[in-house]
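Novice: My structure is below; once you've seen it, I'll send some questions.
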Amino acid sequence: MTSIDLNADLGEGFGRWRLTDDERLLSVVTSANVACGFHAGDAATMRRVCEQAAERGVRIGAQVSYRDLAGFGRRAMDVPPAELAAEVAYQIGALEVFARAAGTRVSYVKPHGALYNRVVHDEEQAGAVVDGVLLADATLPVLGLPGSRVLELAAKAGLPAVTEAFADRAYTERGTLVPRGQDGAVVTDPEAVVERSVGLARSGTVTSHSGLPVEVRARSLCLHGDTPGAVELARRVRARLEESGIRVEAFA
């Protein structure tokens, strides 16, 4: 039977401000990418999400990013490799404290925002992310875009490299994500997101922004938690996957 993991970005609040409905999304997804305080999140939020994830058996992933709270980690930054590696390890370590306190552990690492897109093609920054993961825990899988430099370097370093796809993001013909600043970069039609999810899980293909089919082989499917109606959409995606005979289970 075909299987797929469902992951979502969670814990993306700060202080009294909350962006995602963490508790309800955790009843749907199998993996939670938890913000580690650099683009969003704080100590109390990280602890709460780890406890809720552990209660539901959801795997916890460290969503590491550039140090950019004001820009939500979506602004391009040039960080020296040694500094970036240390900051990646720091974020993983912070989340690990709360995961262990909840009776579980950090199960994987996923870059966020500008860092995620940068390490698709930038070998130096990708290498720094891998070095940071190795510094924190040399067994952690790295989640990223198929064909990205970070996954190539992770695999070379002996880290499990796990591919993911986005049902609600537009793709170029090369299999990369259309930049958020361009029209149509985010797929907003719920039924289209559901259908794309099934297609990605079953055949590993999706229609690109230009209308041509593109191959996107992925073990995990990302559902953004900060979009309007995110919880209901996530439930629809999971239900349709299971109705289509696709098993929904964590990769880690």
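The values are calculated or read from the model by the stated rules, or taken from the named source; none is laboratory data. Nothing here was measured: the structure is a model prediction, and the numbers come from that model. Quick reminder, even Gly has a Cβ in these numbers, built from the backbone with ideal geometry, and neighbours come from all protein chains shown. Surface areas here come from the heavy atoms of the whole protein model, side chains and all, with no ligands, DNA or RNA. Shrake-Rupley method; radii C 1.70, N 1.55, O 1.52, S 1.80 Å.
Condition check ((1) surrounded by 15 or more Cβ atoms within 10 Å (Cβ to Cβ); (2) out of contact with any Asp or Glu (no Cβ under 9 Å at 6 or more places or on another chain); (3) closer than 23 Å to Glu243 by Cβ; (4) hydrophobic (A, V, I, L, M, F, W, C)) across all residues:
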site	(1), (2), (3), (4)
Ala154	yes, yes, no, yes
Gly158	no, yes, no, no
Val162	yes, no, no, yes
Phe166	yes, yes, yes, yes
Gln182	no, yes, no, no
Val187	yes, no, yes, yes
Arg196	yes, no, yes, no
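Novice: Filter the range 201-226 down to the residues that are touching a residue at least 60 places away in the same chain (Cβ under 8 Å) and outside any strand (DSSP E or B) and list them by number.
Specialist: Across the range 201-226, the qualifying residues are Ala201, Arg202, Val216, Arg217, Ala218, Arg219, Leu223, His224, Gly225, Asp226.
Novice: Name the pairs: first residue in the range 239-252 and farther than 17 Å from Gly199 by Cα and modelled with pLDDT of 95 or more, second residue open to solvent by 40 Å² or more (accessible area, probe 1.4 Å) and not in a loop (DSSP other than H, G, I, E, B), Cβ to Cβ under 7 Å, at least 6 apart or on different chains?
Specialist: From the range 239-252, the pairs are Ala250/Arg59.
Novice: I'm trying to understand the selection: among the residues of the range 1-22, which are over 17 Å from the mean Cα position of the chain (by Cα), of a type outside the set (Phe, Trp, Tyr) and either under 16 Å from Thr227 (Cβ atoms) or outside any loop (DSSP other than H, G, I, E, B) (or both)?
Specialist: Ser3, Arg18 - these are the residues of the range 1-22 that are over 17 Å from the mean Cα position of the chain (by Cα), of a type outside the set (Phe, Trp, Tyr) and either under 16 Å from Thr227 (Cβ atoms) or outside any loop (DSSP other than H, G, I, E, B) (or both).
Novice: Filter the range 214-231 for residues that are touching a helix residue (DSSP H, G or I) at 6+ places or on another chain (Cβ under 9 Å), open to solvent by less than 30 Å² (accessible area, probe 1.4 Å), at pLDDT 85 or above and closer than 20 Å to Thr20 by Cα and give the result.
Specialist: Leu221, Leu223, Ala230, Val231
Novice: Are any residues in the range 133-149 more than 20 Å from Ala32 (Cβ to Cβ) and either touching a residue at least 60 places away in the same chain (Cβ under 8 Å) or in contact with a helix residue (DSSP H, G or I) (Cβ under 6 Å, 6 or more places away or on another chain) (or both), and if so, which ones?
Specialist: Within the range 133-149, Leu135, Pro146, Arg149 qualify.
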